[in-house]
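Below you'll find the structure, written out as structure tokens, and then a few comments.
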Amino acid sequence: MSEHACCGGVQRFYRHASHETRGPMKFSAYLPPQARSGKVPVLYFLSGLTCTEETFCIKSHAQKSAADLGLMLISPDTSPREPRIPGDAEHWDFGYSAGFYLDAVQEPWSAHYRMYSYVTRELREIVAAHLPARPEASGIFGHSMGGHGALTLALRNPSLYKSVSAFSPIAAPMQSPWGQKAFSRYLGADRELWRHYDATELVSRGTHPASILIDQGTADQYLAEELLTEKFAAAAAKAGQRLTLRMQPGYDHGYYFIQTFMADHLRHHADQLLP
């Protein structure tokens with residue numbers, strides 16, 4: 001769709017027909033200058049509620065550090081946009097812009113809201129086929145709803161994602177209003193199915209081989225009720241998951257917080273993805 005010079009590399013935006021969501025999907029791709037001469041590790045960023053494929057690129061200030069380290073950055077949209085489903089925009093935290101990185105099983109969402117399969121299969125295949133990425137050196141991170149996605153996708157697919165981190169993740173969605181609302185409507189009443197998309201439940205069943213980094217602001221207005229970071233930390237400690245949880249004093253839920261610690265996260269991934 002477009003290409004822009006950025007920090008010695010290029011920021012691109014793509015649109016394609018998706019067989020998983022049965023409609024058009026968009027994603028962004030930052031190619032560092034090192035990608036001109038060879039394949040580079042690829043890092044997937046999953047954005048949060050209300051975001052699009054542009055949000056991370058515009059607000060995170062990630063490109064300079066990615067250029068220095070030689071990391072490709074991929075950020076998909078947060079839900080299908082077409083075809084529209086009746087009622088998909090009635091709630092800011094469900095439906096449009098709120099795909100929750102799961103495969104819905106309830107109608108009418110099940111036909112198109114397949115973000116888990118889109119990210120773990122289709123998007124990875126497109127990136128490997130059309131961009132100078134090293135698919136065997138892939139990591140994943142995200143923010144809020146996307147932090148939930150990053151943790152769950154990595155814990156379920158450790159062979160696909162060699163590194164993982166999160167900003168302010170919805171860490172125990174089965175116990176939070178956001179998660180309960182999304183899971184009940186996308187997945188139905190079967191709480192055993194919910195457990196497949198809950199990071200706290202997943203880490204208690206099996207750890208990721210890499211150390212996980214989580215940054216969480218102490219002034220985050222959603223921390224106590226929606227994010228429940230301490231529940232994931234407790235489950236990780238009990239399971240033996242290596243975890244660095246940094247509670248950052250005075251920071252809220254927004255992208256000024258993410259900007260502040262973005263370079264740390266990219267170095268965290270580079271340490272595990274680069275030779």
accessible surface per residue for the range 173-275, probe 1.4 Å, DNA/RNA/ligands not counted, whole Å² -> 46 Å²
With +1 on the Cβ of every Lys and Arg and -1 on the Cβ of every Asp and Glu, the dipole magnitude of the chain about its Cα centre, in debye rounded to the nearest 20, is 680 debye
Rounded to whole angstrom, the alpha-carbon centroid of the range 123-198 lies from that of the range 212-240 at a distance of 16 Å
To the nearest Å², the heavy-atom accessible area per residue of the range 84-130 with 1.4 Å probe amounts to 43 Å²
Of Ile258, Ile212, Ile58, the most mobile residue in a GNM of the chain (C-alpha springs, cutoff 10 Å) is Ile58
In the chain the accessible area split gives carbon plus sulfur, as whole percent at 1.4 Å, a share of 51 percent
As a percent rounded to 5, the proportion of antiparallel DSSP bridges among beta bridges in the range 87-184 is 40 percent
Counting lysine pairs in the chain that sit 8 or more positions apart or on different chains, with Cα atoms under 24 Å apart, gives 9
Heads up, the range 1-130 by the C-alpha gyration tensor (a ≥ b ≥ c square roots of eigenvalues; a/c under 1.5 rounded, else a/b over b/c prolate, else oblate) looks prolate
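The values are calculated or read from the model by the stated rules, or taken from the named source; none is laboratory data. Keep in mind that what you see is a predicted model, and the values were worked out from it rather than measured. Here the Cβ is made from the backbone with ideal geometry for all residues, glycine too, and neighbour counts use every protein chain on show. Surface areas here come from the heavy atoms of the whole protein model, side chains and all, with no ligands, DNA or RNA. Shrake-Rupley method; radii C 1.70, N 1.55, O 1.52, S 1.80 Å.
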